[in-house]
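Contents: one structure, followed by commentary.
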Amino acid sequence: MAVKVEMPKLSDTMEEGVIAAWNVEEGDTVESGDVIAEVETDKATMEVEVFDAGTILKILVDEGDAVPLGGLIAVIGEEGEDISDMLEQAKSSGGADHKSSEKDKADDQKTEQDEDESFDPVFGDLEEKGNGQADDRRIKASPLARKMAEEQGIKLANVEGSGPHGRIIKRDIESYEPSQVPVAAPAAPVSHEDKEHRVSQMRKTIARRLSESKFSSPHFYETIEIDMSAVWDARKQLNEISESKISFNDIVVKACATALRQHPQVNSSWHGDKIVEHGDVNVAVAVGIDEGLLTPVIENTDQKGLQQIAVEGKELIEKAQNRDLQPEQMEGSTFTVSNLGMFGIEEFTAIINPPNASILAVGAIREVPVVEDGEVVPGKRMKVTLSSDHRIVDGVVAAKFLNTLKRLLENPLGMVL
């Protein structure tokens, strides 16, 4: 008997999902637990598993299409089974439209003008990867082709794509021979036409949440300059003995967590008729990807050492850049750190990440002349700006928090004693 595959609820705030990729084709046989599709939600790209074995009789939604919760996306059953009544019912109830027979055969040969770019994640730190993985990720390829290439040990850079805009598709992997020499694609002509890009579920959610935060939370900002000379020297020494590379951001995150424990008002949330002062200190780290910002959370940050923060932080950042974060890894934050120092940004303000009371914007460490004991000497300075919700945090409270943060960073040994 044929079984409907409907759009599942993959996150607590999800209202609809976008089919990012199909991992199966009509006529394929699947078993219970097989992943048949990847769905872009408001928080991450999630996998859709089937609970019944059978044959994929019909795929009703194209890649890039949005489907409401419970909407029909596919039908599984016995080969040759008549599902016309089920399809007619789905169509009359406003479900997903049927794909034309021509589209059924086209599959990987989609030639839509605005091809979805979400299949090609952007990696933030290509230099550190150094294993060719980042290069393969930048090459346009369907998810199925990428998976087949990975399983067969084929470098996508060596495969000539026959799909739209040179995209590598399933048949390119199937017909690939190691002796093939990749053919360089001709240079694309410069276009002066406007381009429209589909707004992803994540971008919609970011826009809504940040608009709500900016216009419903009365923001105020305080900036302080910190002498980073001691941190600079301490980090160099720590990385000589640490198993994992510790970044400046790891040290800032640790200092924030320590300061939050001393200033619990900053570690709070607004809930209408009450303010919740959180017992745990969970610091989120803002990570930029194509669609916007993700904020993975390091739980119980104040209870962890620098090396553990470095390990967890790196893992979470890589997952964010690869769109592999699970919703629960972005929930429960009590404070957020946003660092643009690596891009040379000296100072900026950030919008509060709800329901946090504050967010810290971290600028670059600058080499500047400073006056010490009446003499001009070289120094290392960094500006940080705290954005706070004035309903929860007063100006004096924010100033005290920043001064504690400054003291911790200018005397970093105090965080490891």
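The values are calculated or read from the model by the stated rules, or taken from the named source; none is laboratory data. Here the structure is a predicted model, which means the values were calculated and not measured. Every residue, glycine among them, receives a Cβ derived from its backbone with ideal geometry; neighbour counts consider all protein chains shown.
The condition of being without any contact (Cβ under 8 Å) to a residue 24 or more places away in the chain, assigned to a strand (DSSP E or B) and either of a type in the set (A, V, I, L, M, F, W, C) or closer than 17 Å to Leu144 by Cα (or both) holds for only one of Glu38, Glu47, that being Glu47. Residue pairs whose Cβ atoms lie under 9 Å apart, sitting 6 or more positions apart in sequence or on different chains, and linking a residue in the stretch 378-406 that is closer than 23 Å to Asp302 by Cα and outside the structural domain of Pro264 (by TED's automatic domain parsing) to a partner that is crowded, with 19+ Cβ neighbours inside 10 Å and hydroxyl-bearing (Ser, Thr, Tyr), do not occur here. Could you tell me whether any residue of the stretch 298-311 is crowded, with 22+ Cβ neighbours inside 10 Å, among the hydrophobic types (A, V, I, L, M, F, W, C), more than 26 Å from Arg381 (Cα to Cα) and within 18 Å of the chain's Cα centre (by Cα)? Scanning the stretch 298-311 turns up at least one residue that is crowded, with 22+ Cβ neighbours inside 10 Å, among the hydrophobic types (A, V, I, L, M, F, W, C), more than 26 Å from Arg381 (Cα to Cα) and within 18 Å of the chain's Cα centre (by Cα). Just one of the listed residues (Glu243, Glu222) is outside any strand (DSSP E or B) and either surrounded by 17 or more Cβ atoms within 10 Å (Cβ to Cβ) or of a type outside the set (S, T, N, Q) (or both), and it is Glu243. Among the residues of the stretch 57-72, those identified as buried (at least 21 other Cβ atoms within 10 Å of the Cβ) and either touching a residue at least 60 places away in the same chain (Cβ under 8 Å) or in a strand (DSSP E or B) (or both) are Leu57, Lys58, Ile59, Leu72.
Can you tell me which residue in the stretch 160-187 is modelled with the highest pLDDT, limited to those that are hydrophobic (A, V, I, L, M, F, W, C), within 27 Å of Asp324 (Cβ to Cβ) and not in a helix (DSSP H, G or I)? Filtering the stretch 160-187 for residues that are hydrophobic (A, V, I, L, M, F, W, C), within 27 Å of Asp324 (Cβ to Cβ) and not in a helix (DSSP H, G or I), the one modelled with the highest pLDDT comes out as Ile168. Regarding the stretch 383-390, can at least one residue be identified that is surrounded by fewer than 18 Cβ atoms within 10 Å (Cβ to Cβ), out of contact with any helix residue (DSSP H, G or I) (no Cβ under 7 Å at 6 or more places or on another chain) and basic (Lys, Arg)? Scanning the stretch 383-390, I find no residue that is surrounded by fewer than 18 Cβ atoms within 10 Å (Cβ to Cβ), out of contact with any helix residue (DSSP H, G or I) (no Cβ under 7 Å at 6 or more places or on another chain) and basic (Lys, Arg), so the answer is no.
When the stretch 265-297 is filtered for residues that are within 14 Å of Ser358 (Cβ to Cβ), surrounded by 16 or more Cβ atoms within 10 Å (Cβ to Cβ) and touching a helix residue (DSSP H, G or I) at 6+ places or on another chain (Cβ under 8 Å), the ones remaining, listed by number, are Gln265, Val266, Asn267, His278, Val281, Asn282, Val283, Ala284, Thr295. So which residues in the stretch 142-159 are part of a loop (DSSP other than H, G, I, E, B) and touching a strand residue (DSSP E or B) at 6+ places or on another chain (Cβ under 8 Å), if there are any at all? Residues satisfying the conditions are Ser142, Val159. Of the strands (runs of 3 or more DSSP E) contained entirely in the stretch 248-351, those carrying at least 3 residues that are at pLDDT below 95 fall at 287-289, 292-294. Picking from residues in the stretch 369-394 that are part of a strand (DSSP E or B) and over 24 Å from Val253 (Cα atoms), the one that is farthest from the chain's Cα centre (by Cα) is Glu375.
For the stretch 13-30, the tally of residues that are closer than 17 Å to Lys147 by Cβ and either part of a loop (DSSP other than H, G, I, E, B) or touching a Lys or Arg at 6+ places or on another chain (Cβ under 8 Å) (or both) stands at 4.
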